[in-house]
1. Within the set of pairs 6 or more residues apart or between chains, which connect a residue that is open to solvent by 60 Å² or more (accessible area, probe 1.4 Å) inside region 74-99 to a residue that is outside any helix (DSSP H, G or I) and aromatic (Phe, Trp, Tyr) with Cβ atoms less than 7 Å apart?
2. Among the strands (runs of 3 or more DSSP E) contained in region 1-60, which hold 2 or more residues that are more than 23 Å from residue 74 (Cα to Cα) and open to solvent by 30 Å² or more (accessible area, probe 1.4 Å)?
3. Taking the criterion of being under 14 Å from residue 2 (Cα atoms) and of a type in the set (Asp, Glu), would at least one residue in region 79-86 satisfy it?
4. So is residue 65 open to solvent by less than 60 Å² (accessible area, probe 1.4 Å) and farther than 13 Å from residue 2 by Cα or not?
5. Can you pull out every residue in region 19-45 that is among the small types (Gly, Ala, Ser) and touching a helix residue (DSSP H, G or I) at 6+ places or on another chain (Cβ under 8 Å)?
Amino acid sequence: MVFLGFGKYARADKIYAVEPLPPGDRGSGRRTRVWVEGIAEPILAGRTERTILAEMGASAGRTELIDEALDLAQRLAEQTAEGRVDLADLGRRARRLLESTAGPTEQQLF
């Protein structure tokens, strides 16, 4: 179970998307929209997407993978804002992340 804030919890394996709220939508503790399987509308969480993802990774024992994925996303956002995106570097990092998630019986994606 992942604590979302405001006394709300969700099963880590049922969360399929998190979205940080833009600054104008934040307030009264609202930080992130969380989409949970079986619930039509996203839940407003009082925790940041990074905290929720870290807790999801901890419950699955995959915190390193979550940290790498967040670092990759942050790098892409920063490089895009600066107008210089190193696609070769991002491609290598994404491929490494995807390969690390492939189980022994699954085919490698790349």
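The values are calculated or read from the model by the stated rules, or taken from the named source; none is laboratory data. Here the structure is a predicted model, which means the values were calculated and not measured. In this analysis, Cβ positions are derived from the backbone assuming ideal geometry, glycine residues included, and neighbour counts consider all displayed protein chains. What goes into the accessible areas is simple: the full protein's heavy atoms, side chains included, and nothing from ligands, DNA or RNA. Shrake-Rupley method; radii C 1.70, N 1.55, O 1.52, S 1.80 Å.
1. Pairs found: 95/110; 98/110; 99/110.
2. Strands (runs of 3 or more DSSP E) meeting the threshold: 8-10.
3. Just the residues of region 79-86 that are under 14 Å from residue 2 (Cα atoms), to begin with: none.
No: region 79-86 contains no residue that is under 14 Å from residue 2 (Cα atoms) and of a type in the set (Asp, Glu).
4. Working: open to solvent by less than 60 Å² (accessible area, probe 1.4 Å): yes; farther than 13 Å from residue 2 by Cα: yes.
Yes: the conditions hold for residue 65.
5. Our first condition is that a residue be among the small types (Gly, Ala, Ser); within region 19-45, this holds for 24, 27-29, 38, 40, 45.
Correct list: 38, 45.
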